[in-house]
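The values are calculated or read from the model by the stated rules, or taken from the named source; none is laboratory data. All of these numbers come straight from a predicted model, not from anything done at the bench. Heads up, the Cβs are rebuilt from the backbone with ideal geometry, glycines too, and the neighbour counts pull from every protein chain shown. Side chains included, ligands, DNA and RNA excluded: accessible areas come from the protein's heavy atoms. Shrake-Rupley method; radii C 1.70, N 1.55, O 1.52, S 1.80 Å.
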Amino acid sequence: MKKIFFLVVLFSVIPLFSVLANGRGETVSKIVINGIMRIEPETVLTYLMIQKGDTVDEEQLDRGLKSLFSTGLFADVSLSMNKGVLKVDLVENPIVNEISFEGNRKIKTDQLKDEISLHPRSIFTRSKVRRDTQRILELYKRMGRYSAQVEPKIIKRSQNRLDLVFEINEGQPTYIRKIDFIGNHAFTATELEEEMLSKENRWYRLFTSMDTYDPDRFAYDRELLRRFYLEHGYMDFNIISSSSELSPNREDFYVTIVLDEGARYKIGKVKIVSELKGLDANSIKGVVSVKPGHWFNNVKVEDSELNLINAVGAKGFPFVDVSSSLKKRKGKDIVDVTFFIKEGQHLFIDKIDITGNSRTQDSVIRREFRFGEGDAYSPSKIRRSKQRIENLNYFDRVTMDIEQVEGTPDRAVLKTDVSEKSTGSLKLGVGWSSYDGPLAEVSIQENNFLGTGRRVGISASVAEEKTLFDISFVEPWFLDREMSFGFDVFYLTRNYSERSSYDSEMAGTSVSLSWKYTEELSHTVKYTLRQDKIIDVSEYASIYVKEQEGTTLTSMISQTLFWDYLDNRYNPSEGYYLSVSNDLAGFGGDTRYLRTDVSAGYYIPLSDKWVLGLSSSAGYIFGIGQDVRLNNRYFLGGSTLRGFEDGGVTARSKDGNDALGGNWQVTASAQVMFPLGLPSEFGVKGKIFADFGLIGKPDDYNASEMWYSSKLRASIGIGFVWSSPLGPINVDYARPILKEPFDETEYFRLNFGWGF
């Protein structure tokens with residue numbers, strides 16, 4: 001029994017002595033490092049954090065082990081102590097010799113290399129390979145290819161090197177098979193899908209990737225739906241839930257959106273409350289676009305806030321904050337809107353930092369700001385500056401952020417970051433026109449030449465009835481001022497044998513200078529030196545055409561004032577424009593005349609997608625000491641008066657039936673653009689129109705030898721415009737309802753072309 005007790009005590013004491021010994025640690029007399037090939041011993045000792053002569057315990061050895069592992073330099077690390085000798089056994093991670101990709105067709109190899117963390121001569125680790133594999137899969141998911149597979153393969157080389165091959169099976173695109181809406185009553189599923197970027201898969205969506213599933217795009221779609229309902233008065237709109245389910249075969253997504261539309265609200269009272277001394281709120285109420293009795297529109301509320309900031313700032317209040325309050329009336333679908341104007345934070349822009357522009361010069365971006373360093377902070381001016389930079393069309397993305405300067409609460413730095421995109425284009429095209437016949441075109445355009453913002457272009461087109469060559473240059477900021485300087489060199493031939501038994505040639509150059517008085521009003525002054533030839537006159541042409549044969553030189557000064565209040569210059573749905581121009585020829589050369597042209601247009605939205613466009617033009621030319629020549633007169637028809645041939649409405653010779661033009665013209669048009677019920681990506685819109693026109697008689701009018709009538713001509717018609725992936729197609733069918741017997745008509749008119 002005593003022996004058993006003794007053994008128990010003995011075995012209990014031994015571990016205790018061991019613990020005490022470990023707690024005291026052991027002195028390192030020598031460090032032996034094994035397994036290193038590329039890495040220097042000093043580097044290992046630095047990360048080991050143990051030196052010869054140190055007293056170490058198990059905790060210190062564990063820290064050194066973790067430190068060496070954390071470097072990513074080693075695949076395996078082990079530490080052991082034996083009689084004061086610290087043995088460090090290492091297995092180095094291999095070095096990446098080469099990285100390649102196999103099977104990638106939709107994403108370029110250079111793009112994949114930029115996205116992964118591994119690269120030649122970097123340290124290989126399996127964790128990095130896993131991350132890079134997931135990154136490649138993420139890129140394919142963003143392309144809508146959820147069935148893509150990526151398998152990394154390792155090929156070992158000498159000297160602890162390896163080649164890494166990513167074998168990629170891109171799979172098929174994962175399309176959105178169905179988009180379901182639950183809870184929508186005011187708008188159909190088709191109308192809601194039109195507002196989204198994501199689309200259901202259809203055969204006609206060959207030229208878009210919007211029918212492939214992208215989670216970021218789908219998240220943005222929810223915001224687009226919210227904006228759409230708020231623009232139409234549904235203030236209580238809410239998306240209850242949204243889900244996207246991947247089919248078992250990973251080929252299709254099924255998207256479901258559950259929403260609550262809520263009630264539709266109208267505007268009740270609209271008030272402006274000003275806390276600024278000396279500001280009369282009634283003096284600026286005209287800039288508010290929110291009107292009582294109209295449907296609530298959140299976009300107009302935001303626009304009104306910006307308009308108020310600008311209006312108050314123009315009255316000498318630089319630091320302004322405008323906010324809006326929306327108060328719903330109890331038991332009624334009416335909301336009262338109150339705009340509060342108060343003094344804003346006294347903040348100055350100390351510095352403007354611009355990043356991301358590797359090609360575009362800083363000055364090109366900086367000159368678009370509506371303020372300078374040291375000016376007062378203005379949210380509206382920052383928003384306008386951002387819009388102006390975006391309108392340059394040099395960048396994919398423009399962001400602006402304000403950062404206060406530390407220690408100076410009234411100073412801030414404006415951080416502007418841009419992402420550049422391609423600004424050059426090469427266009428080759430073929431097409432056909434009712435007026436010019438078959439045509440071919442080539443053009444080269446660079447809108448940001450050498451990063452200076454200058455525009456350079458060369459174009460040439462050859463058609464059955466027309467040939468054009470043109471070289472152009474535009475300096476948008478001439479003499480470091482917001483004025484545009486440009487010049488053109490051109491050569492144009494036209495075949496008028498169908499209407500007037502002759503051909504024409506025009507060659508010359510022009511120099512122009514343009515500037516803006518306001519954001520809406522611009523002014524252009526131009527000088528043109530042009531040589532005109534009337535050639536190849538038919539032997540059967542009238543005496544009035546034969547008299548015009550020959551060459552003339554025109555030296556002309558022109559000016560144009562243009563007021564632009566359109567919501568979109570190229571596809572307007574609301575607003576108006578007005579243009580007034582004059583041409584004065586006679587500063588040298590052979591021709592002397594004064595020409596005045598006026599045009600205007602007004603666009604009214606009849607509903608969400610129906611737009612009424614009203615336009616009109618008038619022109620008058622008179623010779624100074626001479627008759628106006630044939631090539632400077634007015635001709636109606638074609639695009640200016642549909643239903644009639646180009647030049648089909650004019651004075652006409654009885655002998656030869658040649659179009660002789662007139663010294664004045666007036667046109668008017670009413671047109672309604674409307675959807676045809678096709679998906680928006682078709683880009684097809686229908687139109688119904690009515691055109692009206694009057695033409696004056698020429699200087700050499702002779703009633704016995706010419707047909708002429710000052711009576712009104714008119715036509716009505718239908719047509720459609722297709723913004724096709726291959727280029728614009730415009731089709732019109734018009735029937736004259738007021739015409740003269742000698743007018744030349746054209747019922748059907750088609751123009752199209754495409755680039756490749």
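A few comments on the model shown:
- Among residues of the stretch 636-659 being of a type outside the set (Asp, Glu), under 20 Å from Phe692 (Cβ atoms) and open to solvent by 40 Å² or more (accessible area, probe 1.4 Å), the one that is nearest to the chain's Cα centre (by Cα) is Ser639.
- Scanning the stretch 547-585 for residues that are part of a strand (DSSP E or B) and charged (D, E, K, R), we see that the one that is modelled with the lowest pLDDT is Asp564.
- Qualifying strands (runs of 3 or more DSSP E) (wholly inside the stretch 134-217; at least 2 residues being over 24 Å from Asn104 (Cα atoms)): 175-182
- Residue in the stretch 156-177 that is over 27 Å from Glu102 (Cα atoms) and touching a residue at least 40 places away in the same chain (Cβ under 8 Å) present: yes
- Set Ser558, Ser581, Ser639: member being closer than 20 Å to Gly696 by Cα, of a type in the set (Ser, Thr, Tyr) and touching a Ser or Thr at 6+ places or on another chain (Cβ under 7 Å): Ser581
- Per-region count, the stretch 47-63, residues part of a loop (DSSP other than H, G, I, E, B) and either small (Gly, Ala, Ser) or surrounded by 14 or more Cβ atoms within 10 Å (Cβ to Cβ) (or both): 4
- Summed over the stretch 334-369, the residues that are free of Cβ contacts under 8 Å to residues at least 24 places away in the same chain and open to solvent by 30 Å² or more (accessible area, probe 1.4 Å) give a count of 3.
To keep it simple, each residue is scored yes or no on (1) in contact with a helix residue (DSSP H, G or I) (Cβ under 9 Å, 6 or more places away or on another chain); (2) part of a helix (DSSP H, G or I); (3) not polar (S, T, N, Q).
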{"site": "Gly451", "(1), (2), (3)": "yes, no, yes"}
{"site": "Arg455", "(1), (2), (3)": "no, no, yes"}
{"site": "Val462", "(1), (2), (3)": "no, no, yes"}
{"site": "Thr467", "(1), (2), (3)": "no, no, no"}
{"site": "Val474", "(1), (2), (3)": "no, no, yes"}
{"site": "Leu479", "(1), (2), (3)": "no, yes, yes"}
{"site": "Asp488", "(1), (2), (3)": "no, no, yes"}
{"site": "Tyr491", "(1), (2), (3)": "no, no, yes"}
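- Just one of the numbered conditions (1) open to solvent by less than 40 Å² (accessible area, probe 1.4 Å); (2) more than 26 Å from Thr667 (Cα to Cα); (3) touching a Phe, Trp or Tyr at 6+ places or on another chain (Cβ under 6 Å) is not true of Val511: (1).
- Looking only at the stretch 532-546, and only at residues there that are touching a Leu at 6+ places or on another chain (Cβ under 9 Å) and not in a strand (DSSP E or B), the one that is farthest from Glu705 (Cα to Cα): Val545
- Scanning the stretch 587-630 for residues that are more than 30 Å from Gly686 (Cβ to Cβ), in contact (Cβ under 8 Å) with a residue 60 or more places away in the chain and assigned to a loop (DSSP other than H, G, I, E, B) returns Asp627, Val628, Arg629.
Residue-wise test of (1) in contact with a Lys or Arg (Cβ under 8 Å, 6 or more places away or on another chain); (2) hydroxyl-bearing (Ser, Thr, Tyr); (3) modelled with pLDDT of 85 or more.
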position	(1), (2), (3)
Val418	yes, no, yes
Ser422	no, yes, no
Val430	no, no, no
Ala460	no, no, yes
Ala463	no, no, no
Glu475	yes, no, yes
Arg481	no, no, yes
Tyr496	no, yes, no
Ser500	no, yes, no
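- Of all the listed residues (Ser78, Ser67, Ser122), the sole one being of a type outside the set (A, V, I, L, M, F, W, C), more than 30 Å from Glu200 (Cβ to Cβ) and open to solvent by 30 Å² or more (accessible area, probe 1.4 Å) is Ser78.
- Of all residues in the stretch 455-470, at least one satisfies being open to solvent by less than 50 Å² (accessible area, probe 1.4 Å), of a type in the set (Ser, Thr, Tyr) and touching an Asp or Glu at 6+ places or on another chain (Cβ under 7 Å).
- Among the candidates Gly331, Gly293, the residue that is open to solvent by 40 Å² or more (accessible area, probe 1.4 Å), under 16 Å from Gly262 (Cα atoms) and either in contact (Cβ under 8 Å) with a residue 60 or more places away in the chain or not in a strand (DSSP E or B) (or both) is uniquely Gly331.
- Subset of the stretch 214-232 [of a type in the set (D, E, K, R) and open to solvent by less than 60 Å² (accessible area, probe 1.4 Å)]: Asp214, Arg217, Asp221, Glu223
- Single residue of the stretch 233-290 satisfying the filter (outside any loop (DSSP other than H, G, I, E, B), open to solvent by 80 Å² or more (accessible area, probe 1.4 Å) and without any contact (Cβ under 8 Å) to a residue 12 or more places away in the chain) that is farthest from Gly171 (Cα to Cα): Asn282
- Residue count for the stretch 81-103, restricted to those that are open to solvent by less than 30 Å² (accessible area, probe 1.4 Å) and assigned to a loop (DSSP other than H, G, I, E, B): 3
- Being within 51 Å of the chain's Cα centre (by Cα) and closer than 20 Å to Leu162 by Cβ is a condition met by at least one residue of the stretch 74-88.
- Test for Ser323: is it surrounded by fewer than 17 Cβ atoms within 10 Å (Cβ to Cβ), closer than 30 Å to Gly233 by Cα and among the hydroxyl-bearing types (Ser, Thr, Tyr): yes
- Selection of the stretch 597-623 for residues being open to solvent by 40 Å² or more (accessible area, probe 1.4 Å), touching a Ser or Thr at 6+ places or on another chain (Cβ under 9 Å) and farther than 21 Å from Ser579 by Cα yields Pro605, Lys609.
- Where Gly144 falls short, out of the listed (1) in contact with a Pro (Cβ under 7 Å, 6 or more places away or on another chain); (2) open to solvent by 40 Å² or more (accessible area, probe 1.4 Å); (3) closer than 30 Å to Arg202 by Cα: (2)
- Here the stretch 40-94 is the region considered, the condition is being in contact with a strand residue (DSSP E or B) (Cβ under 6 Å, 6 or more places away or on another chain) and aromatic (Phe, Trp, Tyr), and the residue that is farthest from Thr125 (Cα to Cα) is Phe69.
- Some residue of the stretch 673-696 being in contact with a Ser or Thr (Cβ under 8 Å, 6 or more places away or on another chain), buried (at least 20 other Cβ atoms within 10 Å of the Cβ), outside any strand (DSSP E or B) and not hydrophobic (A, V, I, L, M, F, W, C): yes
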